[in-house]
Amino acid sequence: MFEILIFVFLFALLLFWMWVAITTAVVAVAKSRSPVGWIFLGLLLGPIALYVLSHLPQGTNSFGAELSSEEMALGPDRPCPQCGVVNPALEGACWSCGAPMPRAHVRPPRLGGGADGEDATDGSDSERG
C-alpha cells in the first residue's frame, strides 16, 4: 500500500513539473523570449525558471532577435498612417483606430555573397561548353 502512495505522489510531481515547464514556455512567448530554451529550463529547474522568467523584462521583437536597421531607424514611436496617433514602433496595429501599421521591409541575406554583396562564384558555372 505504501508503494502505491509513493508512485501516485511521484506521478503527481511529474505532472506538476511538466505543467510548470509548459507554463514557462507560454510566459516566454508572452514576454517575446525563446520558448524552446525556456521550456528546457523549465524542465530542468521547474518553478525556479518560471520565477526567474516572470521577473525578467520584456524581450525584443522576435524571440530575442536584434532589431534590424530599418526598425531602429523608425525610433521608439511612429505615427499611424490613418489617424496620426503615435504608436510604439513594433506594434502591428494602431492602438487607437486598429489600422494595420506597415512594417519595415527587410530583405533576406544573400547566400554566398561576399562582403560587398556580390555573389561568390568562381565563373565555372557561367562557362559551359
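Read-outs throughout are calculated quantities, based only on the coordinates presented, and are distinct from any laboratory measurement. Small disclaimer: the values here were computed from a predicted structure and weren't measured. Here Cβ is always computed from backbone atoms with ideal geometry, including for glycine, and neighbour counts include all displayed protein chains.
Each label was represented as a point 7 Å from its Cα along the Cα-to-Cβ direction; for L14 and S54 these points are 2.6 nm apart.
Working note: Karplus 6.51/-1.76/1.60 with θ = phi - 60° gives segment 32-49 the couplings 6, 10, 5, x, 5, x, 6, 6, 5, 5, x, 5, 7, 9, x, x, 5, 5 Hz, where Gly and Pro are set to x.
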